[in-house]
């Protein structure tokens with residue numbers, strides 16, 4: 001039996017207590033659980049542009065687009081929704097008070113309708129791969145343009161959506177335009193049922209990442225204050241099972257560079273204490289960022305147990321290892337340290353960033369190393385050789401520079417969708433009179 005949208009809604013309704021229980025864990029002090037049911041607090045009375053980014057990674061990827069929308073549509077309310085609490089905090093940081101944040105409601109038909117009727121968006125933009133059938137259908141019914149920005153389909157996502165081919169095909173026909181990151185992603189969307197004339201290859205706006213003003217100065221001050229002239233490498237966005245291997249590599253680094261520092265940045269805040277316990281159990285001399293303790297000569301690991309400071313840690317370091325790639329998580333954003341001209345290392349599991357990783361490989365700008373001795377050897381090599389470090393950092397930066405421009409292309413598609421929608425509604429109004 002093929003799963004269509006009606007059957008999907010029935011199954012979602014049956015399992016809604018479980019899903020509501022699951023998302024109840026993803027809330028913040030500034031969000032109400034009722035948002036998951038489509039109830040919204042009072043929002044400023046302005047036309048709304050709604051952008052959805054599931055979690056931290058998607059919010060970071062969407063940041064250039066959010067800033068562009070804030071600048072170009074000053075009279076509108078930029079509403080950002082997220083699925084996770086960590087994404088919520090990152091969204092509020094990006095918005096800087098100029099916009100609103102809500103948690104994404106459950107994709108039940110009546111919940112989706114309630115939410116859309118309350119916020120009345122002029123255009124809806126979903127980042128990457130999020131396909132929620134009832135929200136998308138609700139937009140189609142209300143003639144609200146629905147844009148998939150930075151559209152990507154990992155091999156895993158493609159397999160999952162193939163299993164739901166009927167409902168996926170229905171959903172994609174209701175989408176206004178898909179801004180695909182690459183030819184491969186575009187072909188994937190068409191294979192799943194998207195009309196070919198609705199799919200446009202724009203590149204990825206992740207390449208349009210720009211460090212915030214003053215970041216390097218802040219990093220230089222932090223480094224001088226904390227580590228002085230000691231060599232520093234960072235492991236960003238680590239997952240369970242990766243910290244152990246990175247710490248083992250750091251032990252080998254210390255054998256040749258006894259004053260080296262490893263900045264360890266766990267991906268999720270719920271792991272901060274667990275990583276601290278690991279450091280205690282292994283007998284490391286370390287400092288937690290939240291402790292505000294002084295980092296002394298006896299310390300060799302700095303645990304960055306805060307949210308939203310990964311770029312600061314990358315900017316502070318000499319060498320950046322992007323985690324989520326030692327274990328089969330799929331990798332994280334290689335472009336963040338690259339845009340800071342840092343030499344980039346990662347493990348071998350980069351299936352969520354295959355297209356980006358391939359560009360790095362073509363430019364000889366990425367060192368893939370998964371085993372302990374591979375990681376330590378590469379880190380030592382880079383820390384000991386400033387010219388090699390500079391060369392690798394420059395190669396990584398060139399990958400970013402050569403692929404910029406997707407932001408403008410995707411913004412134009414959103415702008416066009418808004419204009420066409422407004423024109424159609426104006427013609428409808430004239431016709432009624």
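What the table shows:
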quantity: 0 to 90° range, to nearest 10: angle between helix 372-384 axis and the chain longest Cα axis; calculated: 70
quantity: Overall form of the range 208-327 per C-alpha gyration tensor (a/c, 1.5; a/b vs b/c); calculated: rounded
quantity: Sequence-separation-based contact order of the range 215-402, relative, with Cα cut under 8 Å and 6+ spacing, percent; calculated: 23
quantity: Rel. contact order, % - alpha carbon contacts under 8 angstrom, at least six apart, the range 326-433; calculated: 29
quantity: Angle in degrees between helix 215-226 and the longest Cα principal axis of the chain, rounded to the nearest 10; calculated: 30
quantity: Which of 110, 132 has the fewest Cβ neighbours within 10 Å, and the rest in rising order; calculated: 110, 132
quantity: Added length on full extension, which subtracts the Cα-Cα distance from 0.36 nm per residue, residue 16 to residue 423; calculated: 142.7 nm
quantity: Euclidean distance between Cα centres, the range 7-77 to the range 188-237, Å; calculated: 22
quantity: Percent RCO, i.e. relative contact order, over the chain, from Cα pairs under 8 Å lying at least 6 residues apart; calculated: 13
quantity: Computed [θ] at 222 nm, deg cm²/dmol, the chain (DSSP H ≥ 4; -39,500 (n - 2.57); rounded to nearest 500); calculated: -15000 deg cm²/dmol
quantity: As computed over the chain, the Cα convex hull volume per residue (Å³); calculated: 149
quantity: Anisotropy class of the range 160-276 from Cα gyration tensor, a/c 1.5 cut; calculated: prolate
quantity: Overall form of the range 26-180 per C-alpha gyration tensor (a/c, 1.5; a/b vs b/c); calculated: rounded
quantity: Helix 85-95 vs. the chain, principal-axis angle (Cα, 0 to 90°, nearest 10); calculated: 80
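Taken together, the values in this text are just the output of simple stated rules run on the coordinates, not laboratory data. The model shown is predicted, which means the values in this text are computed figures rather than measured ones. Because the Cβ atoms are built from the backbone with ideal geometry, glycine has one as well, and the counts that use them run over all protein chains shown.
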